[in-house]
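Following: one structure in structure tokens, then a few remarks.
Just so it is clear, none of the values below were taken in a lab; they were calculated from the coordinates. Quick caveat: nothing in here was measured; it's all calculated off a predicted structure. Here Cβ is always computed from backbone atoms with ideal geometry, including for glycine, and neighbour counts include all displayed protein chains.
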């Protein structure tokens, strides 16, 4: 199954950026491949400290050739990580970026976080998921984020 690149408002807009946080190398590589084939730019991390480091470096980085500077659009994280939880990562990152969308994934039957809260920009996707389900979920989240930004302005 082949997916079309992520559809943007106009052909001149840059690819959306996803910070993928997954401690299992195979799952991280496979998910990164799915997202890249769907047209997303992917930054990968294996744990909370690395994710926080990448996020801070990327958000503070100057992008002189790009106007305006590009930001991470979505954080996709596993629920259980070696150094904490995906929910904790989302809370830590939203201290600096209150509207950052966080998609938490879990393969556990009862992860304790199965409800979504668009108001708090937290979303959930159960593992295993298909390529189509993942891309549709991300499209839904980014569309909600875009709609909320339009309403705020």
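Things worth noting here:
- With q set to 0.17, 0.21 Å⁻¹, the log10 of I(q)/I(0) for region 17-152, from the Debye formula over equal scatterers at the Cα positions, is -0.91, -1.45.
- Sorted by Cβ neighbour density within 10 Å, fewest at the top, the residues 19, 142: 142, 19
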